[in-house]
Every structure is written in C-alpha cells, then in structure tokens.
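The values are calculated or read from the model by the stated rules, or taken from the named source; none is laboratory data. Bear in mind the structure is a predicted one, so any value in this text is a computation, not a measurement. Cβ placement follows ideal geometry from the backbone for every residue including glycine, while neighbour counts extend to all protein chains displayed.
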Amino acid sequence: MGLCFAAAGVVKVLSVAAFTLAWTHSIEKIEWQEDWHVTPQGLQLVEARVKGSGAGMEPPPEARLVNDWFQWSPKMAPLPQVVLGNSGLAGEWRICSDGQCRTLSDVLGRHLGAEPTIMKICSSTTAPKADSGATDNAAITGERAAIQLAPARPDYAKGDFEGERSRSAASSF
C-alpha cells in the first residue's frame, strides 16, 4: 500500500505506513499536527495535536496538555480519502515521515496555490517504492484512471476550497 496525493492533474505516491500531517492555522498562526496510519481499511487518524487554542481550533474535552501541546486520540473509522483544502492564507500542508517533512508542493513537484489535494490509499501494485520515496504518474497507471479531479469553475474565488468544489473532487473517486 502507498499514500497517493492528487492535485490539479498531478498524482504522486509516497511509500509510507505512517505519517504526520502538519499545518499552521491560517488565522491563529498556531501549529496543528495529526498522526495517520495507512491501513487496508483506509486512512486511520491515530492522534491529533494543537499547540494552543483559538478560532476554529478548540481541542476537544478529552485533550490533555503534554509539552505545550493539546493531544487527543480521535475516535473515528478509517477514511477512504481526505480532501486537503488550501486557503492560500497560511503555510502549506506538510507531510512528515521518518523524521523528515516535505510540503505538498515538494511532494507533487509544483506549487499548489489554492487547489484542493486529495489524499488516499493506493494499492501495492500502484505504489512501487522509489529511491526518492515518490513515484511519478507513469509508475501508477492503474491509479491514474481512478483519480480524476473535477474541473475548476471560473466563478470560484481564490482560496475557495470548500463547498461544491471539494464535494465534486471527492465524489469523482
């Protein structure tokens, strides 16, 4: 199994079994991190951490303060995919594994801007290991046919990643 990222016609695969998804809140400028496992059932959120609280990022009641981070283990079923929005107002999403972090732009090989990115599991036949930890579109022929993003409508404003656009992208799988 591998972890696929698709955005604006580009698909990349990382050969990881566990990773941390990290970002900075666009308003509060506070760090947020989530630990994920890649499982046959889907993407499993194992632990979430936020370094503070504020607008739209209040930790749940079960969160505990550990080394200046509110930490908790969300109770949710594995997800088949996750749509990562990008407002363009904060830093980029970062994918961390084995002590190394990369921005989604680095993973995908191009600047993303405000486009949403689909994160999902790829089968082992479509996620061969590469020296760099990532493969390009030519190496994932079977997955390429399954991943198709909805075309952007001209009436979407920069940073508009929620609503119909995300639902359209998510429903194309």
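For this structure, a couple of remarks:
- ILE118 passes every criterion in (1) assigned to a loop (DSSP other than H, G, I, E, B); (2) in contact (Cβ under 8 Å) with a residue 24 or more places away in the chain apart from (1).
- Qualifying residue in region 152-159 (condition: surrounded by 13 or more Cβ atoms within 10 Å (Cβ to Cβ), modelled with pLDDT under 90, within 21 Å of CYS4 (Cβ to Cβ) and not polar (S, T, N, Q)): yes
- All of (1) touching a Ser or Thr at 6+ places or on another chain (Cβ under 9 Å); (2) among the polar types (S, T, N, Q); (3) more than 30 Å from SER123 (Cβ to Cβ) hold for GLN71 with one exception: (1).
- Conditions (1) within 25 Å of GLN100 (Cβ to Cβ); (2) out of contact with any strand residue (DSSP E or B) (no Cβ under 7 Å at 6 or more places or on another chain); (3) not hydroxyl-bearing (Ser, Thr, Tyr): number failed by GLN33: (2)
- For region 15-33, a residue qualifies if it is over 12 Å from the mean Cα position of the chain (by Cα) and touching a residue at least 24 places away in the same chain (Cβ under 8 Å), and the qualifying residues are SER15, VAL16, ALA18, THR24, HIS25, SER26, ILE27, GLU28, LYS29, ILE30, TRP32.
- Scan of region 50-95 for residues that are of a type in the set (D, E, K, R) and under 14 Å from ALA22 (Cα atoms), ordered by number: LYS51, GLU92, ARG94
- When GLY142 is tested against (1) touching a helix residue (DSSP H, G or I) at 6+ places or on another chain (Cβ under 7 Å); (2) over 18 Å from ALA8 (Cβ atoms); (3) at pLDDT 95 or above, only condition (3) is not met.
- Region 1-33, subset among the hydroxyl-bearing types (Ser, Thr, Tyr) and touching a Leu at 6+ places or on another chain (Cβ under 9 Å), residue surrounded by the fewest Cβ atoms within 10 Å (Cβ to Cβ): SER26
- Counting only strands (runs of 3 or more DSSP E) that sit wholly inside region 34-111, those with at least 2 residues that are of a type outside the set (S, T, N, Q) and either surrounded by 15 or more Cβ atoms within 10 Å (Cβ to Cβ) or in contact (Cβ under 8 Å) with a residue 40 or more places away in the chain (or both) are 42-50, 69-72, 81-84, 94-97, 100-103.
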